[in-house]
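Data first, discussion second: the structure below is written as structure tokens.
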Amino acid sequence: DTAVSQTPKYLVTQMGNDKSIKCEQNLGHDTMYWYKQDSKKFLKIMFSYNNKELIINETVPNRFSPKSPDKAHLNLHINSLELGDSAVYFCASSQDRWAPLHFGNGTRLTVT
Amino acid sequence: TQLLKQSPQFLSIQEGENLTVYCNSSSVFSSLQWYRQEPGEGPVLLVTVVTGGEVKKLKRLTFQFGDARKDSSLHITAAQPGDTGLYLCAAPFYNQGGKLIFGQGTELSVKP
């Protein structure tokens with residue numbers, strides 16, 4: 001029943017590892033996003049896809065690579081993890097690029 | 001540079017008190033959204049305001065969009081412990097590719 005679901009909920013890993021976070025939405029939305037929420041709770045957009053096409057790519061290290069196999073899925077792969085990557089990552093979707101967002105429940109990434 | 005400034009950042013009050021949270025910018029917006037985020041969950045949309053001067057009510061929550069569409073406020077009457085959470089305003093910045101930019105949030109704690 002969940003509208004936007006992301007896995008895993010928690011991810012603890014060591015520096016230098018590669019990890020992926022998966023996201024799926026069953027709302028039929030055209031646009032999907034990845035946001036990063038830092039320790040001060042500030043939400044910053046990382047990427048946005050519209051119908052599988054990348055439309056927003058913020059100043060994010062190229063160790064972060066989003067992949068959208070279809071418009072219902074947007075995964076985030078992170079290479080060579082660093083301590084500073086520790087944060088909560090949120091997937092979201094919207095009906096179109098101007099509509100309000102529906103968020104997943106986040107993935108708390110801890111890099112040790 | 002914070003494009004959307006929220007104040008206060010933290011607010012701790014007793015049950016039954018009233019409070020107001022502000023969201024300000026130097027930019028003019030076509031619309032502005034308010035979200036609430038509870039611990040361990042993603043932000044959830046509360047309301048979208050569109051017209052300058054517009055007032056929307058959601059039970060004990062009153063949202064107002066400034067006449068010039070540069071600012072907004074959220075007023076909670078007779079706050080309850082269930083109102084505890086992070087309140088976020090967000091607006092689309094068309095001169096930045098239509099990205100939805102979030103304020104830094106207001107953490108509200110309502111004590112019984």
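Quick notes on this one:
- Which of A:HIS73, A:HIS29, A:HIS102 is most accessible, then next, and so on - probe 1.4 Å: A:HIS102, A:HIS73, A:HIS29
- Extension reserve of the B:THR62-B:GLU41 stretch, reckoned as 0.36 nm per residue once the Cα distance is removed: 5.2 nm
- Rounded, prolate or oblate (a/c below 1.5 giving rounded, otherwise prolate when a/b exceeds b/c) for region B:24-112 by Cα gyration tensor: oblate
- Cβ-derived FRET efficiency at R0 41 Å, A:GLN95 paired with B:GLN80, nearest 0.05: 0.80
- Under 5 Å from the amide H of B:ARG69 lie the amide H atoms of B:GLY53, each residue being 5 or more positions distant or on a separate chain, with H modelled from the backbone and absent for Pro and chain starts.
- Rounded, prolate or oblate (a/c below 1.5 giving rounded, otherwise prolate when a/b exceeds b/c) for region A:3-46 by Cα gyration tensor: oblate
- Between A:LYS22 and A:PHE42, the modelled labels are 3.3 nm apart [label points 7 Å from Cα along Cα→Cβ].
- Set of region A:28-47 residues, backbone N closer than 17 Å to the point 7 Å along the Cα-Cβ line of A:GLU58: A:32-47
- Heavy atoms of chains A and B lose about 1600 Å² of accessible surface on contact, summed over both sides with a 1.4 Å probe.
- Remark: relative contact order (chain B) = 36 percent; criterion is Cα-Cα distance under 8 angstrom and separation of 6 or more residues.
- The residue list B:LEU11, B:GLN37, B:SER26 was ranked by how far each Cα lies along the charge dipole of chain B toward its positive end, using unit charges on Cβ atoms, and B:SER26 comes out on top.
- Whole-angstrom Cα spans of the protein assembly as shown along principal axes, big to small: 48, 38, 37
- Relative contact order computed over region A:25-85 (Cα-Cα under 8 Å; 6+ residues apart), in percent: 28
- Accessible carbon and sulfur surface of chain B relative to its total accessible area, %, 1.4 Å: 50
- Shielding by other protein chains, A:26-38, mean Cβ within 10 Å: 1
- Relative contact order for chain A, counting Cα pairs under 8 Å that sit 6 or more residues apart, in percent: 37
- Max mean-square fluctuation residue, GNM over chain B, Cα-Cα springs under 10 Å, options B:LEU32, B:LEU88, B:LEU45: B:LEU45
- Straight-line reach from A:LYS22: taking Cα to Cα under 18 Å and skipping same-chain neighbours fewer than 8 places apart, the aspartates and glutamates in range are A:ASP1, A:ASP30, A:GLU53, A:ASP70, A:ASP85, B:GLU41.
- Accessible area of A:ASP70 in the full protein assembly, 1.4 Å probe (Å², nearest 10): 60
The values are calculated or read from the model by the stated rules, or taken from the named source; none is laboratory data. All of these numbers come straight from a predicted model, not from anything done at the bench. Note that each Cβ is placed from the backbone with ideal geometry, even for glycine, and that neighbours are counted across all protein chains shown. Surface accessibility is based on the protein's heavy atoms, side chains included, excluding ligands, DNA and RNA. Shrake-Rupley method; radii C 1.70, N 1.55, O 1.52, S 1.80 Å.
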